[in-house]
1. Mind listing just one residue for me: the one in the stretch B:27-49 that is closer than 11 Å to B:VAL88 by Cβ and open to solvent by less than 40 Å² (accessible area, probe 1.4 Å) and, of those, nearest to the other protein chains (Cβ to nearest Cβ)?
2. Residues to consider are B:ALA74, B:ALA96, B:ALA124; find the one that is at pLDDT below 95, out of contact with any strand residue (DSSP E or B) (no Cβ under 9 Å at 6 or more places or on another chain) and surrounded by fewer than 14 Cβ atoms within 10 Å (Cβ to Cβ).
3. Please verify whether A:HIS37 is over 30 Å from B:LEU27 (Cα atoms) and touching a residue at least 24 places away in the same chain (Cβ under 8 Å), treating the condition exactly as stated.
4. For residues in the stretch B:150-183 being surrounded by 21 or more Cβ atoms within 10 Å (Cβ to Cβ) and among the small types (Gly, Ala, Ser), which is nearest to the other protein chains (Cβ to nearest Cβ)?
5. Please state which of the following conditions A:ARG64 fails to meet, knowing it meets all the rest: (1) more than 7 Å from chain B (Cβ to nearest Cβ); (2) surrounded by 13 or more Cβ atoms within 10 Å (Cβ to Cβ).
6. Pull out all pairs, ordered by first then second residue, where Cβ-Cβ is under 9 Å, the residues are six or more apart or on different chains, the first lies in the stretch A:45-57 and is more than 7 Å from chain B (Cβ to nearest Cβ), and the second is β-branched (Val, Ile, Thr) and in a loop (DSSP other than H, G, I, E, B).
Amino acid sequence: MNCSSARDRISRLTCKEDLTSEPGLASHVEGCSPCAHALQRHARLLSDLASPEPLPPFPDLAPRILARLDEPRVRRGTAWRWAAAAAFAVAALALGYIAGLRSTGTAVPQESMAAAYQEAFATMPQGTELAYLEGAGMQAAAVPASSRP
Amino acid sequence: MPEGDERSDILLMELTASGDREAFASLISRHQRLVLSVAYRFLGSREEAEDAAQEVFLRLWRAAAKYRPETALAAYLRTLTVNHCLDVRRRPRLLALDGGDDPPGQEDPSRDLEASERRGALEAALQSLAPAQRMAVVLFHLEGASMKEAARLLQISPKALESLLGRARAALRERLGSLLDAP
């Protein structure tokens with residue numbers, strides 16, 4: 001057994017007694033002081049994990065929880081995510097059209113770009129336009145001024 | 001809220017499902033320590049642990065009608081707690097703009113500390129682990145769950161858990177360094 005395997009086996013030990021079931025590891029450790037040291041540290045770690053800090057005192061949470069039972073349940077995220085996903089899909093199509101025009105060397109009329117962005121932004125949840133541009137690695141300056149939110 | 005409520009979890013859950021808040025309060029009092037223990041040891045913060053415990057019990061209230069008594073309530077609560085805590089850590093967190101205290105794990109734990117302070121360094125080292133590794137250590141070493149139970153809670157095989165724990169322990173040893181040599 002080499003040191004790398006020994007260290008891996010040491011990390012898997014859950015108690016000192018495990019060593020008796022690992023004769024290969026035991027004999028390696030006998031002849032390798034760095035691994036013997038690692039085993040010693042591992043035993044100390046297991047000992048510390050076995051006696052953690054006691055929990056701090058906590059108050060009775062029942063009154064606080066009962067007070068919240070009548071709160072309206074807000075399902076955060078679901079509807080917003082669908083709207084954002086749809087908006088990004090439209091934006092991706094619009095930008096893909098523009099990228100296609102560019103790749104063929106066709107000059108993209110500013111009006112087309114402006115229209116594409118405006119359409120994309122119109123479908124996005126308010127306030128997400130800039131985040132979309134940043135997420136796409138673009139800066140607001142790259143967007144025609146007439147289209148910027 | 002009755003002191004020393006002798007009613008069984010199954011009965012209390014049935015009553016909770018019918019909207020009995022007193023029964024629900026009894027359940028909270030009876031099991032909150034279990035929930036708080038996992039949450040506190042994983043999240044590392046009293047405030048977050050209390051928030052997490054509230055959310056777990058609110059979920060229990062909402063899902064009370066779906067609870068199946070074949071599963072022990074303690075095990076069910078532990079599942080809810082593990083899932084919620086891992087979700088909490090998966091969500092992107094807003095960074096404090098006022099440059100608040102360094103989060104646990106940023107300090108150098110290799111300073112020469114007394115043995116009694118080694119536990120503080122261990123806590124910091126735990127918080128520096130990846131969430132899955134940290135939860136594995138919390139469940140298996142700190143909460144005393146069996147390999148089988150911990151693997152079930154983490155939704156991985158016992159073999160995968162063994163590997164996860166091995167990496168976690170190696171990372172802790174690395175992080176604590178010479179502190180583990182202290183007498």
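1. Going residue by residue through the stretch B:27-49, those that are closer than 11 Å to B:VAL88 by Cβ are B:39, B:42-43, B:45, B:48-49.
After this cut, where a residue has to be open to solvent by less than 40 Å² (accessible area, probe 1.4 Å) as well, the list is B:39, B:42-43, B:45, B:49.
Numbers: B:ALA39: 10, B:PHE42: 12, B:LEU43: 13, B:SER45: 11, B:ALA49: 8 Å.
By that ranking, first place goes to B:ALA49.
2. Working: B:ALA74 fails: at pLDDT below 95; B:ALA124 fails: surrounded by fewer than 14 Cβ atoms within 10 Å (Cβ to Cβ).
Sole residue among the options that is at pLDDT below 95, out of contact with any strand residue (DSSP E or B) (no Cβ under 9 Å at 6 or more places or on another chain) and surrounded by fewer than 14 Cβ atoms within 10 Å (Cβ to Cβ): B:ALA96.
3. no
4. Top of the filtered list is B:ALA168.
5. Among (1) more than 7 Å from chain B (Cβ to nearest Cβ); (2) surrounded by 13 or more Cβ atoms within 10 Å (Cβ to Cβ), the lone unmet condition for A:ARG64 is (1).
6. As it stands, the answer is A:LEU46/A:THR14, since those pairs meet every condition given.
The values are calculated or read from the model by the stated rules, or taken from the named source; none is laboratory data. All of these numbers come straight from a predicted model, not from anything done at the bench. Counting neighbours? That spans all protein chains shown, and the Cβs are built from the backbone with ideal geometry, glycine included. In case anyone asks, the SASA skips ligands and DNA or RNA and just uses the protein heavy atoms, side chains included. Shrake-Rupley method; radii C 1.70, N 1.55, O 1.52, S 1.80 Å.
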